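Student: Once you've had a glance at the structure underneath, I'll fire off some questions.
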Amino acid sequence: MGLDKKRLSLAMADPADLAALDDIAFITGYLVRPQITPEFRLIQALGQYYQMQISPRFQKIIDRLHSEPAAPTQTVTPAAEPKPAAAAQAVPAPPAPLVEAAPAPAPEPAPEAAPAPPPPPPVELEDVEIVEEGTLAERVERYAVDDISKAMARVEDRDEIAALLLDYFAREFSCAALFVVRGDVASGWRAYRDGHELGGFDLVHIPFARASALKTVTEGKSYYLGPLAETPLNARLVEGLGGMKPDSALIMPLVIVGRVVDILYLEGRGMDLSSRVTEVQRMLVKASFAFEMLICREKILMM
């Protein structure tokens, strides 16, 4: 519909589809502003501008709307009053027979209202301890990332962005690691397991010459979710993260101007990682904006 700087106005049949909004924002790098539109109008536009095949069901609706003319306005003319017939032709109606009206039944006396029940005795309130529901509190805290957003807007260098990401995810996941992509190699930057930083992680290097989960993420520019396949490079990755192979891992690229610059690796012991994909994507989009801001700042200073 329109593009205003980093805001993309997008026509959608279901603007409440948050997963689709997050996916589009992650792929395009824009802030999506959904505009609601009827589904058949959206399909009509896709067929007109992108030559998408329209199903017969929607085509009938579109054809009917184009073929039906606007209904003309109908003016209601009051009917003419009939002229009275000539007096000579009027025939008097026979008188109605007289019927003696039956006497109305005497009204029954209203039943007496039952006496109101006595008010309940006052209840004394006891002091109770209010305990926060753990799961709700955790969910609220999980999405309270305003401080991180403000910090992302004030970063001075690339390492500060990476540190903000790792500091946040190290508190949320059992293992969090960040790789820096340089050429055809992903090199370890920093990693945390159970809140403690892993030493020697900067010595871990995963080349893209052979199959690995990091290679899959970099080439596809999309996230990986699931168990790690049995490959030599995946084994090197697991060894660099402490030697404990996870049941499942979430690996997501940080893409800047169409190029993967960093790779985020996450494990969640006993956690449903699929429920955290949107949250992680949102954080990486913010980091992407912070990187682009640094690039623009450097260009301004160099001019």
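The values are calculated or read from the model by the stated rules, or taken from the named source; none is laboratory data. All values reported here derive from a predicted model rather than from experimental measurement. A quick note on method: Cβ atoms are made from the backbone with ideal geometry, for glycine too, and the neighbour counts reach across all protein chains shown.
Student: Kindly indicate whether F40 is surrounded by 14 or more Cβ atoms within 10 Å (Cβ to Cβ) and modelled with pLDDT under 70.
Tutor: When the stated conditions are applied, F40 does not pass them.
Student: What are the residues in segment 19-37 that are surrounded by fewer than 15 Cβ atoms within 10 Å (Cβ to Cβ) and either in a helix (DSSP H, G or I) or in the same structural domain as F289 (by TED's automatic domain parsing) (or both), if any?
Tutor: Correct list: A19, I27, T28.
Student: Evaluate segment 240-251: report whether one residue or more is under 22 Å from A25 (Cβ atoms) and touching a residue at least 12 places away in the same chain (Cβ under 8 Å).
Tutor: Yes, that holds for at least one residue.
Student: Moving to a separate point now. Just the residues that are modelled with pLDDT under 70 and either exposed (fewer than 11 other Cβ atoms within 10 Å of the Cβ) or in a strand (DSSP E or B) (or both), please, taken from segment 6-17.
Tutor: Within segment 6-17, A16 is the sole residue that qualifies.
Student: Is it the case, given these coordinates, that L228 is touching a helix residue (DSSP H, G or I) at 6+ places or on another chain (Cβ under 9 Å) and free of Cβ contacts under 8 Å to residues at least 40 places away in the same chain?
Tutor: So L228 passes the test.
Student: I'd like the full set of residues that are surrounded by fewer than 21 Cβ atoms within 10 Å (Cβ to Cβ) and within 17 Å of P246 (Cβ to Cβ), limited to segment 179-195.
Tutor: Listed by number, the residues that qualify are R193, D194, G195.
One line per residue, one yes/no per condition, for (1) closer than 18 Å to A19 by Cα; (2) modelled with pLDDT of 95 or more; (3) part of a strand (DSSP E or B):
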{"residue": "A229", "(1), (2), (3)": "no, no, no"}
{"residue": "D247", "(1), (2), (3)": "no, no, no"}
{"residue": "I263", "(1), (2), (3)": "no, yes, yes"}
{"residue": "V280", "(1), (2), (3)": "yes, no, no"}
{"residue": "L284", "(1), (2), (3)": "yes, no, no"}
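Student: So the check is Cβ under 9 Å with 6+ separation or different chains; which pairs have a first residue in segment 280-303 that's within 12 Å of L264 (Cβ to Cβ) and a second one that's at pLDDT below 90 and polar (S, T, N, Q)?
Tutor: Close Cβ pairs (under 9 Å, with a partner that is at pLDDT below 90 and polar (S, T, N, Q)) do not exist here.
Student: Also: Return yes or no: is V204 in contact (Cβ under 8 Å) with a residue 24 or more places away in the chain and touching an Asp or Glu at 6+ places or on another chain (Cβ under 7 Å)?
Tutor: No, not satisfied.
Student: Additional query: Looking at segment 249-260, is at least one residue over 23 Å from the mean Cα position of the chain (by Cα), at pLDDT 90 or above and part of a strand (DSSP E or B)?
Tutor: Yes: segment 249-260 contains one or more residues that are over 23 Å from the mean Cα position of the chain (by Cα), at pLDDT 90 or above and part of a strand (DSSP E or B).
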